1. How many percent of the alpha carbon pairs in region 38-103 exceed a separation of 16 Å?
2. Amide H neighbours of Gly73 under 5 Å, at least 5 residues apart or on other chains, H built in the peptide plane: list them.
3. When only DSSP loop residues count, what trypsin sites (Lys or Arg not before Pro) in region 48-131 have their Cβ near at most 11 other Cβ atoms within 10 Å?
4. Determine the shape class of region 64-131: with a ≥ b ≥ c the square roots of the Cα gyration tensor eigenvalues, call it rounded for a/c under 1.5, and otherwise prolate if a/b is greater than b/c, oblate otherwise.
5. Quick one: 3J(HN,Hα) in Hz for region 99-106, Karplus 6.51/-1.76/1.60 with θ = phi - 60°, rounded, Gly and Pro as x.
6. Can you sort Leu105, Leu129 by solvent-accessible area, 1.4 Å probe, largest first?
Amino acid sequence: MYGAWVRARCSITTPPTGSGRCSPRPPGGVDLLMDCAGGQTRDQAVGAVRDNGRASFIVIQDASPGLERGITGDSFVAQVDRSRLEALHRLIDAGSLRPNIAEVLPLDQAREALSWVAGRHARGKIVLLVG
């Protein structure tokens, strides 16, 4: 679908205590890390990347993740402004872009929505209606 195959998965969980743990490194490591958390979580996740693998970072921080073992890293930042959001709206209206929406809930059910996402029961985006 996206031009890539998932060969292994490593996830980092952060329990309510705040002490993150990385699942054991899959045999051979993962080919690609997409880090959306940064900080200590990022540093732990880099350990799961195979030698000469790739790591992409969405969260930009001053401290370098200290890539070794031939791992190639890159990062990006999304610039969101009105014109880009309007362009996305046009694509959605035209049917060219179809967001996967699992549920639409009123804002007063935000706690339930977060629990649903945290429990990994959502297959798609949870939309909270404001107003």
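The values are calculated or read from the model by the stated rules, or taken from the named source; none is laboratory data. Every value quoted in this text rests on a predicted model; they were computed, and no experiment measured them. In this analysis, Cβ positions are derived from the backbone assuming ideal geometry, glycine residues included, and neighbour counts consider all displayed protein chains. For accessibility, only protein heavy atoms count, side chains too; no ligands or nucleic acids. Shrake-Rupley method; radii C 1.70, N 1.55, O 1.52, S 1.80 Å.
1. Numbers: 1324 of 2145 pairs.
Across region 38-103, Cα pairs with separations above 16 Å total 62 percent.
2. Close amide H contacts, sequence-distant or interchain: Ala55.
3. Passing sites in region 48-131 are Arg120, Arg123.
4. Since a/c reaches 1.5 but b/c is at least a/b, the shape of region 64-131 is classed as oblate.
5. My calculation for region 99-106 gives x, 8, 9, 7, 7, 10, 10, x Hz in order.
6. Numbers: Leu105 25, Leu129 95 Å².
Greatest to least solvent exposure: Leu129, Leu105.
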